[in-house]
């Protein structure tokens, strides 16, 4: 019995499998989770200042004096999340801006959307800064060949490093500093 089935080699993926593999390839090329968390962080920051909560016959409004500021911060966070998805080259800027907007949302927008939007925006921005594009797998490294002039069966001795010559102390140098004729002092300081 063979491990390969003759029927699987000509099998075409279904529409669902093709969409899933294309989405996976798209997602791996950008900071997907950073953008998603940033978008989700903008929603409560923009929503809560305009929300009404009804408890029986009591209507509680959570609006603040900075309702327009909350709306602007929430929309900007959502736009930054979309920017992380569709322009991954500006992920550092978008991440820093998302972190700063999330921090500003604490005093402006009901403690940053009751800390939900603040934390989501903060983690999304941090993920955007930390994300780096994947590097394709490298080919296996070939071992370096030794030079043919080794006489002891392939064991070459390491070449010695040039030694610094100690000279008289130059004017302006401390008594413990090394100097050379052509380079001067070898000390940073």
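When the helices (runs of 4 or more DSSP H) confined to the stretch 1-120 are screened for residues that are modelled with pLDDT of 95 or more, those reaching at least 1 such residues are found at 32-47, 67-86, 91-108. One residue stands out in the stretch 25-45 among those that are free of Cβ contacts under 8 Å to residues at least 40 places away in the same chain and surrounded by 10 or more Cβ atoms within 10 Å (Cβ to Cβ): the one that is nearest to residue 132 (Cα to Cα), namely 27.
The values are calculated or read from the model by the stated rules, or taken from the named source; none is laboratory data. A quick note: this is a predicted structure, and the numbers were derived from the prediction, not measured. Note that each Cβ is placed from the backbone with ideal geometry, even for glycine, and that neighbours are counted across all protein chains shown.
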